[in-house]
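Data block below; observations after.
The values are calculated or read from the model by the stated rules, or taken from the named source; none is laboratory data. In this text the structure is predicted, and so the values were computed from the model without any measurement. Quick reminder, even Gly has a Cβ in these numbers, built from the backbone with ideal geometry, and neighbours come from all protein chains shown.
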Amino acid sequence: MAPTGEPSTWKALGELSSLGVAMVLATIIGLAGGYYADRWLGTSPWLLLIGLVFGIAAGFTILIRSARKAERALDDHD
């Protein structure tokens, strides 16, 4: 039996459900970029830490933008 509900509500739910994956991937990409930059330049562990911080910041940026987008979609629906 298919769940009933408004399409915009399900769209917002789908958007928010992908946030965990997006946050993890942003963190891993920043960490990997810093790791390889450290190996290339020999500055261990500084670029790794900077890449980690940038990856976490990118993850939270994705979180905030998606939450605002979902909130607007739900407000427009009402």
- Selection from region 51-78 of residues touching a Ser or Thr at 6+ places or on another chain (Cβ under 6 Å), farther than 11 Å from THR9 by Cα and surrounded by fewer than 16 Cβ atoms within 10 Å (Cβ to Cβ) yields ILE56
- Message: Would you confirm whether or not region 10-21 contains a residue that is under 20 Å from the mean Cα position of the chain (by Cα), part of a loop (DSSP other than H, G, I, E, B) and modelled with pLDDT of 75 or more?
- Response: yes
- Query: Are there any pairs, at least 6 apart or on different chains, whose C-beta atoms fall under 6 Å, with the first in region 43-67 and assigned to a helix (DSSP H, G or I) and the second modelled with pLDDT under 90 and of a type outside the set (Ser, Thr, Tyr), and if so, which?
  - Reply: LEU63/LEU19; SER66/GLU15; SER66/LEU19
- Hey, can you tell me all the residues within region 20-50 that are hydrophobic (A, V, I, L, M, F, W, C) and closer than 30 Å to SER8 by Cα? VAL21, ALA22, MET23, VAL24, LEU25, ALA26
- Can you find even one residue in region 27-37 that is outside any helix (DSSP H, G or I) and either surrounded by 12 or more Cβ atoms within 10 Å (Cβ to Cβ) or not β-branched (Val, Ile, Thr) (or both)? no
